[in-house]
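The values are calculated or read from the model by the stated rules, or taken from the named source; none is laboratory data. Every value quoted in this text rests on a predicted model; they were computed, and no experiment measured them. Quick reminder, even Gly has a Cβ in these numbers, built from the backbone with ideal geometry, and neighbours come from all protein chains shown. Just the protein is used for accessible areas: all its heavy atoms, side chains included, with ligands, DNA and RNA removed. Shrake-Rupley method; radii C 1.70, N 1.55, O 1.52, S 1.80 Å.
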Amino acid sequence: MAAVAAVDAVAGAIPSPNIWRFPDVYEVENQAVDPELVIEHTLQGIRPWRDAAILDIGCGTGFHLPRFAARAHSVIGVEAHRGLATMARRRVCHLRNVSVLTGSAQRLAVPDHSIDVAHARWAYFFGPGCEAGLRQLARVMRRGGVAFVIDNDATRSTFGRWFQRALPTYDQGQVDAFFARHGWDALRRDICWRFERRADLEAVVRIEFSPEQAEQILAEHVGAYVDYAITIRVRRY
Ligand SMILES: C[S@@+](CC[C@H](N)C(=O)[O-])C[C@H]1O[C@@H](n2cnc3c(N)ncnc32)[C@H](O)[C@@H]1O
């Protein structure tokens, strides 16, 4: 995959330098995340994908879309970066039940009450201040539908420690309280990054952290495995 331009995004996009600048390294990251499918099993345990209309908000290059499409009735990916939306479209062009829209969480071009499962993974645009996106979710979700936001947990695990150290002002309690006020439950789960090669882990750490932070992490961490705590936020409609 070729690198994408950094300023090719719609209004309301939250800059995501990792995937905007390095989509091929981000692909390696996605391949290493959660090899035991903890996230998928948790989501499907709450709302199976079979025959569902699924919306993936901030779908990036569309990594998760084929997995949804294998079971769902229909899948819509929404991506704020035009170059990434094009890549996502290319990825799913052979799948008849998937479409990709260029757009934002704050302005979803999706009909009212048409979605059974909404999914937003590593979605910086869903955090304190994202009320416009939450209103859009309330509009598009069907009665009985479930929305999921897959988020970091800065309070636990090796990755959580790296994340909190890189963002010392990030306040997990404040983020949790924001979502709880808007009717979301929080499930704590433990996943991992499992890379085939140490060089892949090094490349991914270097797109996720500043140069100084990355070198510190790589100096103190051995191997190609990282334990990683997450929060799965769940809202029922
Ligand atoms: C860290 S990436 C994760 C991509 C994808 N969910 C995945 O797991 O591979 C976050 C994505 O959200 C997109 N994004 C940023 N702001 C957005 C917004 N307001 N609405 C929709 N997508 C947005 C970015 O362009 C980026 O592709």
Listed residues Asp171, Asp190 arranged by accessible area, highest first, probe 1.4 Å: Asp190, Asp171
Contact order relative to length of segment 34-167, as percent, for alpha carbon pairs under 8 angstrom and 6 or more apart: 22
Dipole of the chain, positive end: most advanced residue of Leu201, Thr42, Thr158 [Cβ charges, Cα centre]: Thr42
The chain: translational diffusion in µm²/s, Stokes-Einstein, Kirkwood Rh over Cα pairs, 4 °C, 1.567 mPa s: 71
Accessible surface, per residue, of segment 110-197 when the full set of protein chains is kept, probe 1.4 Å, Å²: 48
Cα→Cβ-extended label distance, 7 Å offset, between Asp112 and Leu95, nm: 2.9
With DNA, RNA and ligands ignored, accessible area of Leu65 (1.4 Å probe; Å², nearest 10): 0
Cα lying deepest toward the dipole's positive end in the chain, options Val226, Val146, Ala13, charges on Cβ: Val146
Accessible heavy-atom area order of Tyr170, Tyr225, Tyr26, highest first, probe of 1.4 Å: Tyr225, Tyr170, Tyr26
Accessible-area value, Glu212, 1.4 Å probe, nucleic acids and ligands omitted, Å²: 130
Antiparallel bridges, percent of DSSP beta bridges restricted to the chain (to nearest 5): 50
Å² per residue, accessible surface of segment 1-104 at 1.4 Å: 46
Computed magnitude of the charge dipole of the chain (debye, nearest 20; Cβ of K, R +1, Cβ of D, E -1): 940
Relative contact order (%) - segment 1-101, alpha-carbon pairs under 8 angstrom, separation at least six: 26
Sulfur and carbon atoms: percent of accessible area, the chain [1.4 Å]: 52
